[in-house]
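The values are calculated or read from the model by the stated rules, or taken from the named source; none is laboratory data. What you see is a predicted model, and the numbers here were worked out from it, not measured in a lab. Note: ideal-geometry Cβ built from the backbone for every residue, glycine included; neighbour counts use all protein chains shown. Note: accessible area is taken over every heavy atom of the protein model, side chains too, but ligands, DNA and RNA are not part of it. Shrake-Rupley method; radii C 1.70, N 1.55, O 1.52, S 1.80 Å.
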Amino acid sequence: RNSEPGLGKNLSHHFIKANFRIHMIHFLRHIAVRIWITIFLGSMASLWLLPVVQDRIGTHFILAPASIIFFLVFVLIGWAGNWAGVNLADQYMRDAGVWERGGDFCKAEKAYGKAVVIYDSFLISTKVKRLNRKRVAGRLARFYLARPEKKVGSELFITGYLKFHPEDPEVAESWLRQMESRCETGSEFQELISRIGNVHPENRLICALLAK
């Protein structure tokens, strides 16, 4: 087993774990960038549009259309960032799938890493990241399970994913099959298989693997 931490260790700490500090950093970074872009584009739009409406509504009510312009720009920037970010991340995921099927696991891992970087960037809002986290993390877990060689980092990612998403039967089954040949007896391992068993009491295959 390869002892290099690899990409999986970093992803396990920065993508799966949804702690408050990481959420707040991402949220503040996303909002700060949107505000700065809104100030710039909103000012440009106001300089162009406000003179047109000023003659009709007068200077006393000019703040109302200005506020609407800045609000719409702020909303549109958020929508555009999420749309562009999700589509770009999905493209990296598709590229990773192509490399994975071709057997080039190194390039596939890099492509998956780029997708995660997009979700961690200011482009995507915290809400959209939260909605897509399980989908992206699940793809990565399946990728690491399918790799012929295992790194410490990739195994940390898989166990971290199962810790937060033991309800995923495909990943749970694959992981349990790979653990059959090992003699793991640690408390964390026991806690994880207990959690998987509690979530899948009706899954005969998982129950059989757990019994072994």
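Any idea which of (1) under 30 Å from Ala80 (Cβ atoms); (2) open to solvent by 40 Å² or more (accessible area, probe 1.4 Å); (3) in contact with a His (Cβ under 8 Å, 6 or more places away or on another chain) is the one Ser125 doesn't satisfy?
With respect to (1) under 30 Å from Ala80 (Cβ atoms); (2) open to solvent by 40 Å² or more (accessible area, probe 1.4 Å); (3) in contact with a His (Cβ under 8 Å, 6 or more places away or on another chain), Ser125 is out only on (2).
With the checklist (1) at pLDDT 90 or above; (2) surrounded by 15 or more Cβ atoms within 10 Å (Cβ to Cβ) in hand, flag the one item Ser154 doesn't pass.
Ser154 satisfies all of (1) at pLDDT 90 or above; (2) surrounded by 15 or more Cβ atoms within 10 Å (Cβ to Cβ) except (1).
Residues in region 145-154: is at least one under 30 Å from Glu180 (Cβ atoms), touching a Ser or Thr at 6+ places or on another chain (Cβ under 7 Å) and charged (D, E, K, R)?
Yes, region 145-154 contains a residue that is under 30 Å from Glu180 (Cβ atoms), touching a Ser or Thr at 6+ places or on another chain (Cβ under 7 Å) and charged (D, E, K, R).
Out of all the residues in region 199-212, which are within 17 Å of Tyr161 (Cβ to Cβ) and open to solvent by 50 Å² or more (accessible area, probe 1.4 Å)?
Of everything in region 199-212, just one residue is within 17 Å of Tyr161 (Cβ to Cβ) and open to solvent by 50 Å² or more (accessible area, probe 1.4 Å), namely Val199.
Report every pair of residues separated by at least 6 positions or lying on different chains whose Cβ atoms are under 8 Å apart, first residue within region 110-132 and free of Cβ contacts under 8 Å to residues at least 24 places away in the same chain and on the phi < 0 side of the Ramachandran plot, second charged (D, E, K, R) and buried (at least 17 other Cβ atoms within 10 Å of the Cβ).
Every condition considered, the pairs that remain are Ala111/Asp95.
Six or more apart or on different chains, Cβ atoms under 6 Å: show the pairs whose first residue is in region 30-58 and closer than 16 Å to Ile77 by Cα and whose second is outside any helix (DSSP H, G or I).
From residues that are closer than 16 Å to Ile77 by Cα, the pairs are His30/Phe122; His30/Ser125; Val33/Phe122.
Name the residue, out of Gly81, Gly85, that is crowded, with 17+ Cβ neighbours inside 10 Å, closer than 21 Å to Ile39 by Cα and not hydroxyl-bearing (Ser, Thr, Tyr).
Only one candidate passes the filter, namely Gly81.
Is it true that some residue in region 193-200 is small (Gly, Ala, Ser) and within 30 Å of Leu28 (Cα to Cα)?
no
Would you be able to say whether some residue in region 186-202 is touching a Pro at 6+ places or on another chain (Cβ under 7 Å) and part of a loop (DSSP other than H, G, I, E, B)?
yes
Go through the residues of region 15-22 one by one and say whether even a single one is at pLDDT 90 or above and either of a type in the set (Val, Ile, Thr) or surrounded by fewer than 13 Cβ atoms within 10 Å (Cβ to Cβ) (or both).
no
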